[in-house]
Amino acid sequence: MISINKSINNLKKKLDHNNLPKHIAIIMDGNGRWAKKKLLPRSAGHREGVKRVREIVEECGNIGIDFLTIYAFSTENWNRPKDEVNYLMSLLIEFLNKELETLHKNNVKINVLGEIDALEENVQDEIKKALIKTKNNSKLTLNIALNYGGRKEIALSLKHIIKDLNKGNISIEEVDENLINDYLYTKGQPDPDLLIRTSGELRISNFLIYQLAYTEFYFTNVNWPDFKKKNLYKALIEYQQRNRRFGGL
Ligand code: IPE
Ligand code: IPE
Ligand code: MG
């Protein structure tokens, strides 16, 4: 334990607090493989993964990150066996139930990216409760991407833009990148500065495809249930060594 604390303290010391990402997005992947390696059912990986969510959210708050977006369930994840889908939903309910007080106390504002209308009533109720309770919080915004798909998000925004054009609320001349931003789930938020994906997969799997245009990508072989605070610091330190040019010199 002493050596873990020492190594995390060394990492903390390396962090430049003047060059923090404002927005971190995470594709939490590898729960199933983590469990398989331990000869456990996939559900055990998901359960362990929730513990890391709690720790990483807390640490992002401590560090002073403004926005954290976590990919909890994609529009493609409906293709999984029904039992697994149900288990993931029940874990989400359990997480919100157990953590809402703490999140609220820590001034975390919960936000959901995705089509929540398509979820079971009990899941929707839990989400609504969390959104209402934390709506005036102002420290860390926690975006939970749930039943989220980047292409779906763009299709929906297009639909809403066309509706507003037809109603005369906006004109064609106004349609530009900034206006599109206003029709995304992430309206009003800065784009992610850093994307983390665990488990060694090198793809974005339909996550924030519009918002990631200039994001720095950090891939690690560590499976999500093993992604602890020290791994977050490693990602942040690597991020701080990147030279972001945004097309300039
Ligand atoms: C990520 O872990 C969790 C979700 C997608 C909900 P996986 O369940 O995808 O784990 P692997 O990729 O099968 O190891
Ligand atoms: C991405 O992981 C979705 C979430 C983490 C919620 P997947 O495990 O579903 O991605 P693919 O299928 O390997 O691309
Ligand atoms: Mg996966």
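Where a number appears in this text, it was derived from the coordinates with a stated rule and is not lab data. Fair warning: this is a prediction, and the values are worked out from it, not measured in the lab. Cβ atoms come from the backbone with ideal geometry, glycine included; neighbour counts cover every protein chain shown.
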Note to self, the chain gives a 222 nm [θ] from helices alone (DSSP H runs n ≥ 4, -39500 (n - 2.57) apiece, / all residues, nearest 500) of -15500 deg cm²/dmol
Segment 51-145: equivalent-ellipsoid semi-axes (sqrt of 5 x gyration tensor eigenvalues, Cα, Å):
23, 14, 12
Rounded D (µm²/s) - the chain, Kirkwood Rh over Cα pairs, Stokes-Einstein at 37 °C, 0.692 mPa s:
171
Tell me which residues come under 5 Å, amide H to amide H, from GLY30 once H is placed; ignore anything under 5 positions away on its chain.
TRP224
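Roughly speaking, what is the stretch gain from LEU179 to GLU121, that is 0.36 nm per residue apart minus the C-alpha to C-alpha distance, in nm to one decimal?
Details: separation 58, 0.36 × 58 = 20.88 nm, distance 3.22 nm.
Stretched out fully, the LEU179 to GLU121 stretch lengthens by 17.7 nm.
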Relative to 2.2 N^0.38 Å, what does the C-alpha radius of gyration of segment 1-118 come to as a ratio? Two decimals please.
1.21
In whole percent, what relative contact order does segment 29-153 give with Cα contacts below 8 Å and a gap of six or more residues?
33
For segment 223-230, 3J(HN,Hα) per residue [Karplus equation, 6.51 cos²θ - 1.76 cosθ + 1.60, θ = phi - 60°, Hz, x = Gly/Pro]:
6, 3, x, 9, 7, 9, 3, 4
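For the chain, what does the relative contact order come out to in percent, with C-alpha contacts under 8 Å and a separation of six or more?
So the answer I get is 30 percent.
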Please list, or write none, the lysines whose alpha carbon is within less than 20 Å of the alpha carbon of LYS129, excluding same-chain residues fewer than 8 places away.
LYS98, LYS105, LYS109, LYS139
Taking Cα pairs closer than 8 Å and at least 6 residues apart, the relative contact order of segment 101-187 in percent is 34
So which residue, out of SER171, SER43, SER199, gets the largest mean-square fluctuation from a GNM of the chain using Cα contacts under 10 Å as springs?
SER171
Residues with amide H under 5 Å of LYS109's amide H, sequence separation 5 or more or different chain, H placed in the peptide plane at 1.01 Å from N; which?
LYS139, LEU140, THR141, LEU142
What FRET efficiency, computed as 1/(1 + (r/R0)^6) with R0 = 45 Å and r the Cβ-Cβ distance, is obtained for PHE219 and ASN136, rounded to the nearest 0.05?
0.80
Pull up all non-local amide H partners of ILE170: gap of 5 or more, or a different chain, and H-to-H distance under 5 Å with H placed in the peptide plane.
LEU165
Segment 142-153 - phi-based ³J(HN,Hα) in whole Hz, Karplus 6.51/-1.76/1.60, Gly and Pro as x
9, 8, 9, 7, 9, 6, 9, x, x, 5, 4, 4
Each residue of segment 83-99 in turn: what ³J(HN,Hα) in whole Hz from Karplus with 6.51, -1.76, 1.60 and θ = phi - 60°, glycine and Pro shown as x?
4, 5, 4, 4, 5, 4, 5, 5, 5, 5, 4, 4, 4, 5, 4, 6, 9
In Å³ per residue, the alpha-carbon convex hull of segment 91-169 encloses 113
Which FRET efficiency value, to the nearest 0.05, do you get for GLU238 and LYS152 by plugging their Cβ-Cβ distance into 1/(1 + (r/R0)^6) with R0 = 25 Å?
0.20
